[in-house]
Amino acid sequence: MIKIKSEREIELMRQTCKLAADTLKYIESKLEIGMSTEEVNTLCHNFILEHNAIPAPLNYHGFPKSVCTSLNEVICHGIPNEKDILKDGDILNIDVTTILNNYHGDTNKTFLIGNVDPEIIKLVDITKHCLEESIKVSKAGARLGDIGACIQEIAEGHGYSVVREYCGHGIGRDFHEDPQVLHYGKKGTGVELKPGMTFTIEPMINLGKRHCKLLNDGWTVITEDKKPSAQFEHTILITEGDAEILTL
Ligand code: MF3
Ligand code: CO
Ligand code: CO
């Protein structure tokens, strides 16, 4: 069941999503070579608590930390730890989800650490472009398949591949609500978008093949070919006009 949010709920979504976005801006200003992903976690955790919110990942289905930190070949759900030290040339995705006034805001970005290989910078740029273009097609009357097709066409057009095992999702009182927002698909198919829907789009785009592998920790997802993967995520609101990006 896809929930249509009321005006009151939308206002609460705006607040939590703004905090999630602000958390990413804050951590971006702190990132530096030599820092551990554990430190990234601690800084984000404290920032979210200081703003009277809760980091949604902590204890979510047993996830042990407050944000996901996914380095290089890690596609998603990387677990912050003391051993992963940021080094020159890395790409690091930080995925922040806040709970404020019982509503969730979910956003992530892939950051460049120091001097990154131009081929990998391009992967990151195109992944961001996939998200931005798919938001432009997210208008009332369009269908979920239009979003997936848009992302797949851009990514595959550059010779990249789209991860299929993980997707965007409705969001609100619950972290993951209906619908599932696939990042590949066919135009004109799937559920019709209606004003008041709130969901994420969060394409994971691989430099190499699309296949992934789950590590023994039960969370970390990496590319099977160990080539890098990039991701960007926004929470959006469907309106009568252009979608509103809530996590700006
Ligand atoms: N924030 C992720 C998403 O975009 C989900 C993380 S679940 C966790 O949907 F448990 F790993 F935190
Ligand atoms: Co999400
Ligand atoms: Co997320």
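Six or more apart or on different chains, Cβ atoms under 8 Å: show the pairs whose first residue is in segment 233-246 and closer than 18 Å to His104 by Cα and whose second is in a strand (DSSP E or B) and among the charged types (D, E, K, R).
Glu233/Asp95; Glu233/Asp106; Glu233/Lys109; Thr235/Asp106; Ile236/Glu244; Leu237/Glu244
Does Glu233 satisfy the condition of being buried (at least 17 other Cβ atoms within 10 Å of the Cβ), farther than 17 Å from Val67 by Cα and of a type in the set (D, E, K, R)?
So Glu233 does not fit the description; no.
Checking Glu192 against (1) surrounded by fewer than 16 Cβ atoms within 10 Å (Cβ to Cβ); (2) within 15 Å of ligand 1 (Cβ to nearest atom); (3) farther than 19 Å from Leu246 by Cβ, only one condition comes out false. Which one?
Single failed check for Glu192: (2).
Could you please find all residues in segment 110-124 being over 13 Å from Gln231 (Cβ atoms) and assigned to a helix (DSSP H, G or I)? Please lay out each step first, then the result.
Restricting attention to segment 110-124, the residues satisfying the condition of being over 13 Å from Gln231 (Cβ atoms) are 112-122.
Scanning segment 110-124 gives Pro118, Glu119, Ile120, Ile121, Lys122.
Looking for whichever is modelled with pLDDT of 95 or more, surrounded by 24 or more Cβ atoms within 10 Å (Cβ to Cβ) and not acidic (Asp, Glu) here; the options are Ser161, Ser134. Which one fits?
After applying the criteria, what remains is Ser134.
Looking at Ala149 and the list (1) assigned to a loop (DSSP other than H, G, I, E, B); (2) more than 25 Å from Thr69 (Cβ to Cβ), which single condition is not satisfied?
Going through the list (1) assigned to a loop (DSSP other than H, G, I, E, B); (2) more than 25 Å from Thr69 (Cβ to Cβ), Ala149 breaks only (1).
What number of residues in segment 89-98 are more than 16 Å from ligand 2 (Cβ to nearest atom) and not small (Gly, Ala, Ser)?
Summing the residues that are more than 16 Å from ligand 2 (Cβ to nearest atom) and not small (Gly, Ala, Ser) in segment 89-98 gives 3.
Residues are listed down the side, and each one gets a yes or a no for (1) closer than 23 Å to Gly172 by Cβ; (2) assigned to a helix (DSSP H, G or I); (3) in contact (Cβ under 8 Å) with a residue 60 or more places away in the chain:
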residue	(1), (2), (3)
Glu11	yes, yes, no
Leu24	yes, yes, yes
Ser29	no, yes, no
Val40	no, yes, no
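Quick one: which residue in Leu58, Leu86 is surrounded by 17 or more Cβ atoms within 10 Å (Cβ to Cβ), modelled with pLDDT of 95 or more and away from ligand 2 (no atom under 14 Å from the Cβ)? Walk me through it before giving the result.
On the way: Leu58 fails: surrounded by 17 or more Cβ atoms within 10 Å (Cβ to Cβ).
On inspection, the qualifying residue turns out to be Leu86.
Any residue at all in segment 85-103 that is in a strand (DSSP E or B) and more than 16 Å from ligand 3 (Cβ to nearest atom)?
yes
Quick check: is even one residue across segment 214-224 part of a loop (DSSP other than H, G, I, E, B), farther than 30 Å from Ser6 by Cβ, touching a residue at least 24 places away in the same chain (Cβ under 8 Å) and of a type in the set (Asp, Glu)?
Checking segment 214-224: at least one residue is part of a loop (DSSP other than H, G, I, E, B), farther than 30 Å from Ser6 by Cβ, touching a residue at least 24 places away in the same chain (Cβ under 8 Å) and of a type in the set (Asp, Glu).
Taking the stated definitions as given, is Thr200 within 19 Å of Ala21 (Cβ to Cβ) and in contact with a helix residue (DSSP H, G or I) (Cβ under 6 Å, 6 or more places away or on another chain)?
Against the criterion (within 19 Å of Ala21 (Cβ to Cβ) and in contact with a helix residue (DSSP H, G or I) (Cβ under 6 Å, 6 or more places away or on another chain)), Thr200 does not qualify.
State yes or no: is Lys65 out of contact with any Gly (no Cβ under 8 Å at 6 or more places or on another chain), in contact (Cβ under 8 Å) with a residue 24 or more places away in the chain and under 19 Å from Thr223 (Cα atoms)?
Against the criterion (out of contact with any Gly (no Cβ under 8 Å at 6 or more places or on another chain), in contact (Cβ under 8 Å) with a residue 24 or more places away in the chain and under 19 Å from Thr223 (Cα atoms)), Lys65 does not qualify.
Among the residues in segment 153-168, are any in a strand (DSSP E or B), within 16 Å of ligand 3 (Cβ to nearest atom) and under 17 Å from Ile238 (Cβ atoms)?
Yes: one or more hits.
The values are calculated or read from the model by the stated rules, or taken from the named source; none is laboratory data. Just so we're clear, the structure is a prediction, and the values are computed from it rather than from any experiment. In this analysis, Cβ positions are derived from the backbone assuming ideal geometry, glycine residues included, and neighbour counts consider all displayed protein chains.
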